[in-house]
Structures are given as C-alpha cells and as structure tokens.
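The next block holds one structure in the form of structure tokens; read it before the comments.
The values are calculated or read from the model by the stated rules, or taken from the named source; none is laboratory data. Keep in mind it's a predicted model, so treat the numbers as computed, not measured. A quick note on method: Cβ atoms are made from the backbone with ideal geometry, for glycine too, and the neighbour counts reach across all protein chains shown. With ligands, DNA and RNA removed, areas are computed over all heavy atoms of the protein, side chains included. Shrake-Rupley method; radii C 1.70, N 1.55, O 1.52, S 1.80 Å.
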Amino acid sequence: MVSHDLQPVGGVDYPRTLQEFDAWFATEKACADYLRRLRWPDGFRCPACGASKTWTTARGLLRCTACERQTSPTAGTIFEGTRKPLRTWFQAMWFVTNQKSGGNALGLQRVLGLGSYQTAWTWLHKLRRAMVRPGRDRLVGRVEVDETYLGGPEGGVRGRQTERKALIAVAAQEDGERIGRIRMRTIANASADSLIPFVEEAVERGSVIRTDAWLGYDPLERKGYIHEVIFLKGNKKSPSELLPRVHHVVSLLKRWLMGTHHGARGHLFYRLLQQAVQVDPVPYGDLKGGQTDPNHNL
Ligand SMILES: [Zn+2]
C-alpha cells in the first residue's frame, strides 16, 4: 500500500495511536471542537445570517454573535439528541475502526461500559450506516465511480477461504481536493444492469461521472449523466491516481474488513467521524425496519 493514501485529508489531522487518541480527546470540549472542524472544514457560517463569529453556550450550542441564532453542532448528525457524552461516541468509533469487520455489539458494550446491550447494538448500527452512508440524498457535481471486490481469504488462514468475495460499487463526490460524500452498495455483477441502477440511486442526473473505460458504464450518457471516461491503457498513471477518491475509500474499507489497520486506524476513525457528521440521524425504529420513535435517543 502506498503511503500517500494515509496523508491527512483537508488539513484536518487525526490521532495515530491510542495514546494520541486519549490525549487529543481528553475532554468533551476537545471532542466538540474536533467535530466542529470536520463538520465545517471551511469554518462555521450561521445558517440564518451567514456570519462566522460565534460563542459557545453552556450547553455546547454555537450562538451567532450577529443574530443570536443558536446552532447545534450535532444537529442532523448521528449524534443528534444523544444523552451520552461525545467522548463516549468517539471511544466507540475508535473501537469500531479497530475491530475486524467493525466489531460487535457485545464487545462495544464491554469496552465502553454501557449499561444496555441495546444501546451498544444501536450505536454499532448507526456507526456502520454512517461508514457506508446509504443516505437518501444523492451525490451531485463531479463524482468518481468504480467497482471493486471486497472480502476474500482471511489473513493467517492458510489454504482456506472463509469468506466469499463481494462486488461493491463505490461513488465518491469530489469536494475540491477532498473526498466529499460517498455511496456504496453491493452489486450482483459488473454489468450495466447492475452498475447503472447503482449510479441512478446514488447520483443526481446531470452530474459529471468519472469512470474507467469499462463497458458497463456506457449507458450513462443516455441516462442523463455527463460521462468522463478515464483511460487506463497507455496512461502512465495508476488507477488510484486517476480516480483517487474512490480508490482511497476502497483501500480504507479493505483494510477495515481485513483487519490490516497498520497505520490506518486513525484515518479510519477520522473518515468515520467525517461520515457521521454528514449523515441524517437514524432513529432506532428505522434500524429495525419498524416504526420510528423520535423520542428514542440513545
Ligand atoms: Zn446569525
């Protein structure tokens, strides 16, 4: 794995080790400040008047100095309405990004000392959802799309394949030099019949879709997208340079699933939090596919 994959994104740094994690996020305020930097990387703007100066209330809300509008840094994120400290959530994310395949609820409950298994289970599912972002809103603008195999032989298990490989499609929105929102889904195969419905579900029509020259993407123009084909053949650049965002996301996912986190755990944590502050809150009822209970905040 090339090391440029692991550079901080967008000028925001992240802890590399447990010792750094503990030092960085020792207080609730430190967690809130970090979350704010990830949510508003270009600086906070008041949604009412556009001013940038705020002070923080005792309850942790951002109060606009111009119009006094109060904004919750966690509104609209998976942390909205939580009764637990952000610090506990950060610890949960650190745990989840350090476990093979994202860990399990019992492990999370034990590590955080959570009283209820249900809370641990709900947190785990919120975080998993945030990691893959199956949001309802589609990506827009310029979007990289590619498909890749995940899974396969487990490390250390010799001569035995314990998991079947899954083909997943990944879409990553460009946000300047940064990776914007991402979408991914398991697909049956790499045919147009699988790839095009994924793009239609993930990306607004009229957007620019960048893909490699695979035939499965050919119908994109007919479906109302602007299709930019990146040719790999004869091009000296590697695929990760041509579609850097989507390959970055894939390499992180592969490391997470395969448990090969060496040097990547801080970055996974960062990426998970970045996803978490973008995602809509998912009520417990939604997770179970049942009725939504808006008062059920964990
Ligand atoms: Zn304002």
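Looking at the stretch 180-205 only, could you name the residues that are in contact (Cβ under 8 Å) with a residue 40 or more places away in the chain and under 14 Å from Arg142 (Cα atoms)?
The answer is Gly180, Arg181, Ile182, Arg183, Val199, Ala202, Val203, Glu204.
Which residues, counting only those in the stretch 31-59, are open to solvent by 30 Å² or more (accessible area, probe 1.4 Å) and more than 15 Å from the ligand (Cβ to nearest atom)?
Those that are open to solvent by 30 Å² or more (accessible area, probe 1.4 Å) and more than 15 Å from the ligand (Cβ to nearest atom): Ala32, Asp33, Arg36, Arg37, Arg39, Pro41, Asp42, Ala58, Arg59.
Could you tell me whether Ala130 is away from the ligand (no atom under 16 Å from the Cβ) and either open to solvent by less than 30 Å² (accessible area, probe 1.4 Å) or charged (D, E, K, R) (or both)?
yes
Take the conditions within 14 Å of the ligand (Cβ to nearest atom) and open to solvent by 30 Å² or more (accessible area, probe 1.4 Å) and apply them to Thr71. Does it pass?
Values: within 14 Å of the ligand (Cβ to nearest atom): yes; open to solvent by 30 Å² or more (accessible area, probe 1.4 Å): no.
So Thr71 fails the test.
Go through (1) of a type outside the set (Gly, Ala, Ser); (2) touching a helix residue (DSSP H, G or I) at 6+ places or on another chain (Cβ under 7 Å); (3) more than 15 Å from Gln274 (Cα to Cα) for Cys64 and report which single condition fails.
Of (1) of a type outside the set (Gly, Ala, Ser); (2) touching a helix residue (DSSP H, G or I) at 6+ places or on another chain (Cβ under 7 Å); (3) more than 15 Å from Gln274 (Cα to Cα), only one is false for Cys64: (2).
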